[in-house]
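*Asks:* If you scroll down you'll find the structure; I have some questions about it.
The values are calculated or read from the model by the stated rules, or taken from the named source; none is laboratory data. Keep in mind that what you see is a predicted model, and the values were worked out from it rather than measured. Cβ sites come from the backbone with ideal geometry, for glycine too, and all protein chains shown count toward neighbours.
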Protein chains: 2
Amino acid sequence: MSLIRIAVDAMGGDHAPSAEVEGAVQAARAYGVGVVLVGQRDLIAHELARHEARGLPLDIVHASEVISMEESAVRAIRKKRDSSIRVATQLVANGEAAGVVSAGNTGAVMATAKLELGSLPGVDRPALASVFPTTAGTAAVMVDVGANVDCKPHQLEQFAIMGEVYYRAMFAVQRPRVGLLSIGEEATKGNELVREAHRRLKETSLNFIGNVEGRDVFSGEVHVIICDGFIGNVALKISEGMAEAVTEILRNALSGTIQAKVGYVLSRQAYEDFRKRVDYSEYGGAPLLGVKGVGIICHGRSNGNAIKNAIRVAMEFSHGRINERIERELAVTSARK
Amino acid sequence: MSLIRIAVDAMGGDHAPSAEVEGAVQAARAYGVGVVLVGQRDLIAHELARHEARGLPLDIVHASEVISMEESAVRAIRKKRDSSIRVATQLVANGEAAGVVSAGNTGAVMATAKLELGSLPGVDRPALASVFPTTAGTAAVMVDVGANVDCKPHQLEQFAIMGEVYYRAMFAVQRPRVGLLSIGEEATKGNELVREAHRRLKETSLNFIGNVEGRDVFSGEVHVIICDGFIGNVALKISEGMAEAVTEILRNALSGTIQAKVGYVLSRQAYEDFRKRVDYSEYGGAPLLGVKGVGIICHGRSNGNAIKNAIRVAMEFSHGRINERIERELAVTSARK
């Protein structure tokens, strides 16, 4: 098997390019994966010089422009033809890289991936999948967490098929349990979209367990959670916000009395493990399912470790031939109708 | 001022009637409020006998039927004409109680309140408001968290007006900051409903700060958060689920090593404070805004303390003349158009 190469948008995140370069170095060393760092050559080279990177399969491809977090995605894509996001994505489109990883402007990364890579045959709209931690220690994957709003029922059905393939390949579960996010378990509960999507999902060959509620997300009872991208994005951001809030509230509580401080010092490792479990930047990014190629979108705050994890996810996505499987499943489903 | 009486559905919650009776006794003692316990007389009397309740302003009103958590609300309301939920709500409709508190079947409580109390003039659809904790120590109130799905923009505008009045009265903030829950701060982001509601909210006299994201909920930057009830219910359940999950993950982490256990023992009070801050049953229930009367819906898991808090909220709602204010504000808004 020839060396897999992943393109990393080195200019994207809040800590670019240092987090991106660090993650690339770590991934190349840990997995032997080739990484192409895309962005302003001088900046990247300067950052690379700070690492022990000799002999590692790392390259730099220059891109003169940077799309900032605050820019309108639509305008930025039109104006900045030589952005690091675009150049990195084109490496995938041209077959020079197996996937692209970016912690940059999410809207711009998604739009660029759709534009430069195109959708897989049979995919109406690509969707973003994100991992949620569960108390069972397993992962729950939610699709869509923000690529689409005002979805139609047949689109939710496609999200379910794509999410199921992704879960099966990445987490080695034979028949992942697929649930539809709603506000009550009964099929009659929910809104118009959910009621119609429920009917459609029941007719697929998926292991559809019916409607699930927000609190089931963290239980481990459901593996793949399907929803409109507006709902999913709110759910994701609420969880992230809550995770940050509880960490802060806990920190404040633990710095209150001398006794609490001593307790904290003794239990610091446990507390650190806890923080990691609920810290979304640990989860290695969100794949955009349904595009021709592999696109992994990271949180803007990503550190080197998060970028390293995202590169690993991009590798596994490619190795697992997830897109071929999605194409096949969608063809089977549409043939059945 | 004559004694205020609050009707409590004593048969509703997971721990009924013990939690309800305990909460009623505590509230009567702490606030001097009259409480009418509604439900199966013998059961309630038996439970009451376990408390030091002599001399407290407590009454029992008999209701022969109980609506369970699992029942379909529509069917239960039609069939069970003498349910504790209905009898308690009728006490409010007849002016015998100032408000009703129930930890029972949420759908049945809401439907009964709408049916028996009716809507305030100018209110298109009553909405459920729920308190979220923030790191700032202030409260954030979200409207709607599940009374309505597939909302229209003008309904979201009404939710904002009702939520603002509620926040002003309950939390003594002169000009509460009102935000619209979306997936990006720009007015152009979101779905169709949010974009149109944003335009309408900008034209009101509310202190509208624009769109807010899920993570802003816990920051204290926004006081009143407006959304469709499907979104709000998912947001609420996700937060509750996450709060439970982090508490469990933390407990497991802290029982791992001897050192962590010792640390936990020393800092137990801090962890307990933390748990209370993120435990939704501490927050005294969700008011149904826009009905003629006061209806407070509690979590099924509510303990005595949660019921006591809900009775206090019902009292304050009534004292604050919140419904009169809502009526007035809605009249002003519709006159302006």
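*Asks:* Only one of these conditions is not met by residue A:302: (1) modelled with pLDDT under 85; (2) in contact with a Ser or Thr (Cβ under 7 Å, 6 or more places away or on another chain); (3) among the polar types (S, T, N, Q). Which number is it?
*Replies:* It is condition (1) that residue A:302 fails.
*Asks:* Listed residues A:231, A:226; which is closer than 27 Å to residue A:332 by Cα and either within 9 Å of another protein chain (Cβ to nearest Cβ) or at pLDDT 95 or above (or both)?
*Replies:* Exactly one residue qualifies, and that residue is A:226.
*Asks:* May I ask you to say which residue of B:159, B:230, B:218 is crowded, with 24+ Cβ neighbours inside 10 Å and within 30 Å of residue A:271 (Cβ to Cβ)?
*Replies:* Unique residue meeting the criteria: B:218.
*Asks:* Could you count how many residues in the range B:248-301 are polar (S, T, N, Q), buried (at least 18 other Cβ atoms within 10 Å of the Cβ) and facing chain A (nearest Cβ under 7 Å)?
*Replies:* Our first condition is that a residue be polar (S, T, N, Q); within the range B:248-301, this holds for B:252, B:255, B:257, B:259, B:267, B:269, B:281.
In the following step, the residues that additionally are buried (at least 18 other Cβ atoms within 10 Å of the Cβ) were identified as B:267, B:281.
Of the ones still in play, those that are also facing chain A (nearest Cβ under 7 Å) are B:267.
Matching residues across the range B:248-301 total 1.
*Asks:* Moving on. So, in the range B:92-105, how many residues would count as being crowded, with 24+ Cβ neighbours inside 10 Å and either closer than 16 Å to residue B:62 by Cβ or within 15 Å of the chain's Cα centre (by Cα) (or both)?
*Replies:* Taking the range B:92-105 and keeping what is crowded, with 24+ Cβ neighbours inside 10 Å, we get B:92, B:97, B:99-105.
Imposing the further condition that a residue be either closer than 16 Å to residue B:62 by Cβ or within 15 Å of the chain's Cα centre (by Cα) (or both) reduces the set to B:97, B:99-105.
Summing the residues that are crowded, with 24+ Cβ neighbours inside 10 Å and either closer than 16 Å to residue B:62 by Cβ or within 15 Å of the chain's Cα centre (by Cα) (or both) in the range B:92-105 gives 8.
*Asks:* Another one. Scanning the range A:133-144 for residues that are within 14 Å of another protein chain (Cβ to nearest Cβ) and crowded, with 24+ Cβ neighbours inside 10 Å, which turns out modelled with the lowest pLDDT?
*Replies:* The extreme case among them is A:133.
*Asks:* Are any residues in the range A:21-49 among the basic types (Lys, Arg) and without any contact (Cβ under 8 Å) to a residue 24 or more places away in the chain, and if so, which ones?
*Replies:* A:41
*Asks:* Next question. With (1) without any contact (Cβ under 8 Å) to a residue 12 or more places away in the chain; (2) closer than 13 Å to residue A:238 by Cβ; (3) more than 9 Å from chain A (Cβ to nearest Cβ) as the list, and residue B:215 as the residue in question, which single condition is left unmet?
*Replies:* Going through (1) without any contact (Cβ under 8 Å) to a residue 12 or more places away in the chain; (2) closer than 13 Å to residue A:238 by Cβ; (3) more than 9 Å from chain A (Cβ to nearest Cβ) one by one, residue B:215 breaks only (3).
*Asks:* Something else: If the requirement is being in contact with a helix residue (DSSP H, G or I) (Cβ under 8 Å, 6 or more places away or on another chain), more than 14 Å from every other protein chain (Cβ to nearest Cβ) and crowded, with 24+ Cβ neighbours inside 10 Å, which of these qualifies: B:129, B:147, B:169?
*Replies:* Result of the check over B:129, B:147, B:169: B:129.
*Asks:* Still on this structure, please answer the following. Could you list, in sequence order, all residues of the range A:179-206 that are surrounded by 19 or more Cβ atoms within 10 Å (Cβ to Cβ), in contact with a strand residue (DSSP E or B) (Cβ under 6 Å, 6 or more places away or on another chain) and part of a loop (DSSP other than H, G, I, E, B)?
*Replies:* A:182, A:206
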